[in-house]
Every structure is written in C-alpha cells, then in structure tokens.
Amino acid sequence: MPGVAYALLGPTASGKSALALEAARSLPIEIVSMDSALVYRGMDIGTAKPAPEERAAVRHHLVDLVNPDESYSAGRWREAAIRAVQDILARGRMPLVVGGTMLYYRALVRGLDALPAADPAVRSAIGAQAAQRGWPALHAELARIDPAAAARISVNDAQRIQRALEVWRLTGQPLSTLQGAAAPALPFRLQAFCVIPDREVLKKRIAERFDAMLRSGLLDEVRGLRRRFRLDARSPSMRCVGYRQACEHLDGVVDEAGMRERAVAATRQLAKRQLTWLRSFDEVRAIEPTVQALTHSFL
C-alpha cells in the first residue's frame, strides 16, 4: 500500500503557508515547497520565504536550490519533489506539498508534457511580430486559438505567449490539449486541498503584503542581488512578481509609486490566473482556511 502525501494549494497571499506551519505544531508535518520563486537563493523578502526560525521549527524541502542567475524547470522540481515526499514517508512523517505554482502541481500529478522542441525560426518569427504588434496583440491571437492557455498566461508574459504560439504553429494543436496528456502514476497517493479567500480580502492582503515587503527592504535586496549576479528584468528569477517591477524601478523605467502600482496589479493578476488553474483541477477540494479544517482533511 503506497503512502499518502497531502497538498495545500491556493493563490498568492491566501495564507496557505501560515496554515501549514500552524498545522505542523500538532502533526509530524514536513513541508515540500511548491513555489517557483522559493527555489532561488537570496530572494527572501519578495518571495515571502519562510523565516529561519520557521524553517528551524518545521523542516522545509525544495527551498534555496539555485542562484538567481540560474534557470530551474518544472521537470527538475517534479523529480526533486517525488524524492522529498518518498524520503519523508520513509521516516514515518507527513509530507505536505504547499504552494501556488500551479504548473508544478500539474507536472506532479499529470506528468511532463510531450511537446515539440523549440524551433529558432518559429520563435524568431513570433518575436518579430511582437516587435511590430506588441505582446498584448499576440496574447489576443492566442486567446482565439487556445482560450484555456490564454486564460492562464499573463498578457505581458512574453516567454509563455511565445511558447504557446510556437506549439500551435509547429503542431496545429493548442498547447492546453497537449499538456498532461499522459499522467504517470506517482509512487504515493496524493490528496490535494486548496484555500480560496474572499476576493476583496485577497486584494487587500496582496497590497498590504507588498507594502510590508518594501518596508522590509525589498529594493535593497534586489540591489544586492544585481551586484552579485548578472540580472535584469528579463532574467527568469527577476520575472517573479515584485522583482520585475523592482528592476524596472531601479532601471529608471518607473518611479517608486509606479513600481508599487504595477507590482500590486501584477500580483492580483497572478492570483486570478492561479484561481483559473485551481478550477481546472477537479481532484482538488476546497476547504475553509482554518487549521481545524486542514487537519480534519488529513483524517
């Protein structure tokens, strides 16, 4: 009989990490991070990374894996997450996968996608069209051919818009129909839950959290990272919400007020896309955002 692991999903700023930490006070939980930003070392403030004392109290896996000038993929995360869960189960403890990177969750439960390799000529053609028409226009094109993918991709996410259009032009099939076509069996059972706060409450939390990040020194953190590594707003790590807008401010593109406005808006759009992802996962059960509801779900 395979062991049982659990997952707690939710949009950014929904309180899922605090909920997991609270549950770990009474249960032998170890947290497996499912956050594509937490893999980067040194990116602490803008990712709301668990504090050292929290990580000392509850063991966290898949945090601080690579430097900000390195790339990291869903495939690498999936392999590492499976190993971490198996290790936790082997020690008789409870694995709880926690995060909001829905691409990672889909990779975990549905496997990696058999998609065509990148085609430089097609990518160059798409890039030329973007230079002429703008990425929002190409996002509108994507919405016509693959509404499901477009709903999950930001209108300003050039990399993912380009990839979705590239797949369409190479295969004649929407990216969303090719993703997760064959789900490999996991070596453990996974029960997944999610917390979905009230929309207005979530919007307020997002703004308050970003303001707290600024007070805690987010801009100094980004300045320090840019001194240590070759980074700009196009770097994979710096495309994380908050960091991209901080880079734009430090590069003189916007003032600090504009940076805050852009970051809060981008984070709200991220939360909207995360909720769209969650609605597509039929196996994920919504629970009340209380530790009692979470721990009861483990029974």
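Computed from the coordinates by the stated procedures, all read-outs in this text should not be read as laboratory data. Since we're looking at a predicted model, the values are computed, not measured. In this analysis, Cβ positions are derived from the backbone assuming ideal geometry, glycine residues included, and neighbour counts consider all displayed protein chains.
Structural remarks
- Cα centre as origin, Lys/Arg/Asp/Glu Cβ charges: segment 40-187 dipole, Debye: 280
- Each of Gly42, His60, Ala90 was placed along the dipole of the chain (beta-carbon charges, centred on the mean Cα), and the one lying farthest toward the positive end is Ala90.
- Taken about its Cα centre, segment 249-299 carries a charge dipole of roughly 180 debye when the Cβ of each Lys and Arg holds +1 and the Cβ of each Asp and Glu holds -1.
- Once the Cβ-Cβ distance of Glu54 and Asp251 is raised to the sixth power relative to R0 = 35 Å, the FRET efficiency obtained is 0.60.
- Size of electric dipole in the chain: Cβ of Lys, Arg +1 and of Asp, Glu -1, about Cα centre, debye, nearest 20: 220
- Measuring r between the beta carbons of Asn156 and Gln191 and using R0 = 41 Å, the FRET efficiency lands at 0.70.
- Gain in span if fully extended, Asp64 to Ser124, counting 0.36 nm per residue against the direct Cα distance: 18.2 nm
- For a straight C-alpha distance cut-off of 15 angstrom, the aspartates and glutamates reachable from Lys272 (same-chain residues fewer than eight places away being disregarded) are Asp157, Asp198, Glu200.
- Put a dot 7 Å past the Cα of Gln269, heading toward its Cβ, do the same for Thr290, and the two dots end up 3.7 nm apart.
- Extension gain for the segment Arg228 to Arg199, taken as residue separation times 0.36 nm less the Cα-Cα distance, is 6.6 nm to one decimal.
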